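*Asks:* Here it is: the structure, laid out below.
The values are calculated or read from the model by the stated rules, or taken from the named source; none is laboratory data. No experiment lies behind these values; they were computed from the predicted model shown. For neighbour counting, all protein chains shown are included, and Cβ atoms are generated from backbone atoms with ideal geometry for every residue, glycine included.
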Amino acid sequence: MVNGEWRTRLILHDLVPLHWALAGAGIAGITLALLFVGSRRLGVSTGLEDICSLVLPVRYFRRAAVLSGRGWRLPLLGGLLLGGFLSAILGGGWEPTWALGVFDQAIGLGPAGKLAWMFIGGLLIGFGTRLAGGCTSGHGIFGLANFELPSLVTTVSFMAGGILTTQLIYRVLFPLTGAP
Amino acid sequence: MTLLYVLLGTVFGFVLSRSGAADYDFIQGMFLFTEFQLYGIIGAAVAVTAPGIWWIKRRGRTLGGQPIAIELKALHRGNVLGGALFGVGWSLAGMCPGPILVNIGEGKLYAVAALAGALVGAGALGSLYEKIQPLFGLPPLNVGTGEG
């Protein structure tokens, strides 16, 4: 936050972000291409299960939805890594970084603290998305666009969880007002 | 086909990276209501996807003529608690599952810990599934929980 105004640039090389309408249309294009070409339902958090299914021999990871989807979802996940990598290279070069925007200004933990913080966040993401049956992509984008009630319930729940948590962190515990 | 999915994932990852959807500050800005960007992105994505899905379902076939079959997600109490837990995690990490991978690709080192946590979390849910199934009214395993 700069003088009461939120930064409008990305942490990545201080780049100016794509227009939201263009980005939204691009995500819609990917979602529709998956459905139109392969009858695939967009969903990234199921990809977490695909990875788990490679190493964990429990019944849950032997479901048809996992076993039949690994062949396309794992390549899609690999593409997400590659997309981030190309974005960094084309945007000014790839370099390992610990930069974390307003977290560095307001909370300011070092690398070890960030790893612990992120691991806890990740635990909640992995457990929560799979308990809810999907994440922002499968519920928030595909499910809402397909008018599915479970997706509306889940989306309202994760937006509420996120809003309460961020409001608590950046308005109560580590207030951002007066940050440089 | 594998290459096509890698390509679609790459474009998806690039858009997430460059739009703010994989950016810690933009995620916090969304939850603080100080940044419109993510609401615009998700809203536009849903608004364009909805008529597209309607049209593809009406057509009934993929480009190659295969029937369209969309696996629907189940409604249960896990939607609420799981969604809320995920929301807390999304706020803490500033990433949802796709952007975790995008951030690793960008070179953000802490994102590796988010991925490790997410895999342990998903693994824990998978291992506990049959124990907590009655508690949340989760669907039986052979049906699956959808391809989220």
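*Asks:* Considering each residue of the stretch A:39-51, count those that are in a helix (DSSP H, G or I) and within 19 Å of B:LYS73 (Cβ to Cβ), and give that number.
*Replies:* 6
*Asks:* Do we have B:ALA116 as surrounded by fewer than 19 Cβ atoms within 10 Å (Cβ to Cβ), at negative phi and modelled with pLDDT under 95 here? Walk me through how you get there before you give the answer.
*Replies:* On the way: surrounded by fewer than 19 Cβ atoms within 10 Å (Cβ to Cβ): yes; at negative phi: yes; modelled with pLDDT under 95: no.
Against the criterion (surrounded by fewer than 19 Cβ atoms within 10 Å (Cβ to Cβ), at negative phi and modelled with pLDDT under 95), B:ALA116 does not qualify.
*Asks:* A further question on this structure: Restricting the search to the stretch B:85-101, which residues are surrounded by 24 or more Cβ atoms within 10 Å (Cβ to Cβ) and among the aliphatic types (A, V, I, L, M)? First the steps, then the outcome.
*Replies:* Applying the first criterion (surrounded by 24 or more Cβ atoms within 10 Å (Cβ to Cβ)) to the stretch B:85-101 yields B:85-87, B:89-101.
B:LEU85, B:LEU92, B:ALA93, B:MET95, B:ILE100, B:LEU101, listed by residue number.
*Asks:* Take the conditions closer than 20 Å to A:SER87 by Cβ and aromatic (Phe, Trp, Tyr) and apply them to B:PHE14. Does it pass?
*Replies:* Answer is yes for this residue.
The rows are residues; the columns are (1) modelled with pLDDT under 95; (2) within 15 Å of the chain's Cα centre (by Cα).
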{"residue": "A:THR136", "(1), (2)": "no, yes"}
{"residue": "A:HIS139", "(1), (2)": "no, yes"}
{"residue": "A:PRO150", "(1), (2)": "no, no"}
{"residue": "A:THR155", "(1), (2)": "no, yes"}
{"residue": "A:GLY162", "(1), (2)": "no, yes"}
{"residue": "A:THR165", "(1), (2)": "no, no"}
{"residue": "A:VAL172", "(1), (2)": "no, no"}
{"residue": "A:LEU176", "(1), (2)": "yes, no"}
{"residue": "A:PRO180", "(1), (2)": "yes, no"}
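*Asks:* Same structure again: Among (1) crowded, with 16+ Cβ neighbours inside 10 Å; (2) at pLDDT 95 or above, there is one condition B:PRO67 misses while meeting the rest; what is its number?
*Replies:* The number of the failed condition is (1).
*Asks:* Which one of these does B:ILE53 not meet: (1) closer than 24 Å to A:LEU67 by Cα; (2) in a helix (DSSP H, G or I)?
*Replies:* Going through (1) closer than 24 Å to A:LEU67 by Cα; (2) in a helix (DSSP H, G or I) one by one, B:ILE53 breaks only (1).
*Asks:* Separate question: Take the residues in the stretch B:70-81 that are within 30 Å of B:ASP23 (Cβ to Cβ) and free of Cβ contacts under 8 Å to residues at least 24 places away in the same chain, then tell me which one is surrounded by the fewest Cβ atoms within 10 Å (Cβ to Cβ).
*Replies:* Restricting to residues being within 30 Å of B:ASP23 (Cβ to Cβ) and free of Cβ contacts under 8 Å to residues at least 24 places away in the same chain, the top hit is B:VAL80.
*Asks:* Do we find that A:GLY134 is part of a helix (DSSP H, G or I), crowded, with 21+ Cβ neighbours inside 10 Å and in contact (Cβ under 8 Å) with a residue 12 or more places away in the chain in this structure?
*Replies:* No, not satisfied.
*Asks:* Can you tell me which residue in the stretch A:145-165 is farthest from the other protein chains (Cβ to nearest Cβ), limited to those that are farther than 19 Å from A:LEU124 by Cα and assigned to a helix (DSSP H, G or I)?
*Replies:* Top of the filtered list is A:LEU152.
*Asks:* Can you name every residue in the stretch B:68-83 that is over 19 Å from B:VAL120 (Cβ atoms) and either more than 7 Å from chain A (Cβ to nearest Cβ) or assigned to a helix (DSSP H, G or I) (or both)?
*Replies:* Narrowing the stretch B:68-83 to residues over 19 Å from B:VAL120 (Cβ atoms): B:68-77, B:79-80, B:83.
Hits for the stretch B:68-83 are B:HIS76, B:ARG77, B:ASN79, B:VAL80, B:GLY83.
*Asks:* Would you check if A:LEU168 is more than 7 Å from chain B (Cβ to nearest Cβ) and in a helix (DSSP H, G or I)? Write out each step before concluding.
*Replies:* Numbers: more than 7 Å from chain B (Cβ to nearest Cβ): yes; in a helix (DSSP H, G or I): yes.
For A:LEU168, the condition - more than 7 Å from chain B (Cβ to nearest Cβ) and in a helix (DSSP H, G or I) - is met.
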